[in-house]
Structures are given as structure tokens and as C-alpha cells.
Amino acid sequence: ILDRLQETVRLGAGLDERNRLSREARERALGCLERFGQRLRGMHADSVRVVGTNTLRRARRAEKFLERALGQPIEIISGQEEARLIYLGVARELPDEGPRLVIDIGGGSTELIVGERLEPRLMESLYMGCVSASTAHFPDGRITARAMRHAVTAARLELQPVEAQFRDCWRVAYGSSGTIRAIGAVLRAADGSEPDITPAALARLRTALLDAGHAERLSLP
């Protein structure tokens, strides 16, 4: 990596029930892409690939106004291609240790990939993500037991059709994306002896969320 620029836009939070982007979401996206465009102007077009994922797969003709801000065409990729690219990015940093599961929780979709070395073997893209789940189940920031049950049920229903094929074909699991990195960082800060994300650690985190009762009252390390 020679250079890196990253911004969180939460584009998916700006979609309404008719998959139209709000003015606020458009302005956030345009500002971000204008800054990205400045960084890209000195690069040859053949060296740049700009892709859109779940939100642009759903949004109505949003890529057209985004292309104008960026100065580059945006390729809206399928969930399968998104999963393939995620796996390749993660696998290059991992040792050769047999079949592995990679999970990437994005804003509007979650990708599951099983592969070995640099070869993805099994890929799925599911319509659930951190932004879409927050908007659907905790829209005002309140965290109740009932809302948590509904969120868990919705996730289980999304996972159910692919559960059997992903259950027993890997030896070790890895997570990528900001959501999983944030969870890992919180758990490590709370218990320095916990290097991994485990079911027990997630249960403790869920209890902390419910005890707080609202996102603004959360006090996590």
C-alpha cells in the first residue's frame, strides 16, 4: 500500500422506502467523492477501478450524479463480485492454514466467503448490514430487549437459507470491515486477554448495550 484514504459516508442510511437517496446523503457522498477525485486526478485511468456495492445496487440511478463528482465511471458490482474481492483482499494477509471463512459486515450487506489460499470456493452476499439493521430496529437509538430480539430474528432468517452449506467446511474464521474491527477493538479493550471475537464476549457486549438502553448512553472502552 502506497497511499490510503478512507471516509465513512453511511450512504445506505439515506435511502427511503422507494430507494431514493436523501439530499443529506447525496451531499455527504458528493463531498467525499470530490476529495477522492482530487487524489485520483494524477493517476492513469487504467490504474483506477471504482466500484459501487449494496446501496448503489438498490438506489435509483444514483451512480450518474456520483460519477460527475468523482470524474470516473462507477462500476456497480454484484454481491458475488463484492464477496470475491473481499476474500482476495483478506486472504493476501493470511497464512496458508486450510479452508477459512471470511465474514464482511458492510452498511447494507454481509458477505460470507469460504476459500483456501487465494481461491474463493463458496460465496454469498446477504441483504443485512450495520446501517440497515440499525435503521430497521433501532431507528431512534433506543436499545430494548424487544428490538434486539427482532434484530436477531431478522438476521437468522437471512442466514437460514445458506447456513447448512457454510457450517462445516472451514477451519478458522476471520472478519473484515469496520463493524467487525470495531467490535474486536471494544472487546480487546474491555478484556485484554480476549484476542478473538467469541460467543461469550459477544453476549457480554449485548448485555452492555441493553443495560445502556440508548446509543448515546453507551460507555464502552
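The values are calculated or read from the model by the stated rules, or taken from the named source; none is laboratory data. These figures come from a predicted structure and were not determined experimentally. Neighbour counts are summed over all protein chains in view; Cβ atoms, including those assigned to glycine, are modelled from backbone coordinates with ideal geometry. Just the protein is used for accessible areas: all its heavy atoms, side chains included, with ligands, DNA and RNA removed. Shrake-Rupley method; radii C 1.70, N 1.55, O 1.52, S 1.80 Å.
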Give me a comma-separated list of calculated 3J(HN,Hα) values for the stretch 130-138, in order, Karplus coefficients 6.51, -1.76, 1.60 applied at θ = phi - 60°, integers in Hz, x for any Gly or Pro. 5, 6, 5, 5, 4, 5, 6, 10, 9
Which FRET efficiency value, to the nearest 0.05, is calculated for Arg171 and Arg206 with the Förster distance at 35 angstrom and r the Cβ-Cβ distance? 0.85
Expected vector for the stretch 18-34, Karplus 3J(HN,Hα) from phi with 6.51, -1.76, 1.60 and θ = phi - 60°, integer Hz, x for Gly and Pro, equals 9, 6, 9, 7, 5, 4, 4, 5, 4, 5, 4, 5, 5, x, 5, 5, 5
Please express the shape of the stretch 120-191 as an equivalent ellipsoid: the semi-axes are the square roots of 5 times the eigenvalues of the C-alpha gyration tensor, given largest first in whole angstrom. 24, 19, 11
Taking springs between alpha-carbon atoms closer than 10 angstrom, which of Gly98, Gly115, Gly14 fluctuates most in the Gaussian network model of the chain? Gly98
Can you tell me the accessible area per residue over the stretch 76-221, all protein chains present, probe 1.4 angstrom, in square angstrom? 58 Å²
What shape does the stretch 12-60 have by the C-alpha gyration tensor, where a ≥ b ≥ c are the square roots of the eigenvalues, rounded means a/c under 1.5, and otherwise prolate means a/b greater than b/c and oblate the rest? oblate
Top mean-square fluctuation among Asp211, Asp46, Asp191, Gaussian network model of the chain, C-alpha springs under 10 Å? Asp46
Within a Gaussian network of the chain (alpha carbon springs, distance under 10 Å), most fluctuating of Leu56, Leu118, Leu101: Leu118
Length released on extending from Ser219 to Val152, taking residue separation times 0.36 nm less the Cα-Cα span: 21.9 nm
With a 1.4 Å probe and every protein chain kept in, tell me what percent of the accessible surface of the chain is carbon plus sulfur. 51 percent
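Hey, what's the Kirkwood Rh for the stretch 55-138 if you take every pair of different alpha carbons, in angstrom?
14.3 Å
Enter the accessible area per residue of the stretch 24-70 (Å², integer; probe 1.4 Å; all protein chains in place).
About 65 Å² of surface per residue is accessible.
Could you pull out the GluC sites (Glu not before Pro) across the stretch 92-193 that fall in loop regions by DSSP (anything but H, G, I, E, B) with no more than 12 other Cβ atoms inside 10 Å?
Glu93, Glu97
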Go through [x] 153; [y] 116; [z] 132 and flag the label whose value is the computed volume of the Cα convex hull per residue in Å³ for this structure. [x]
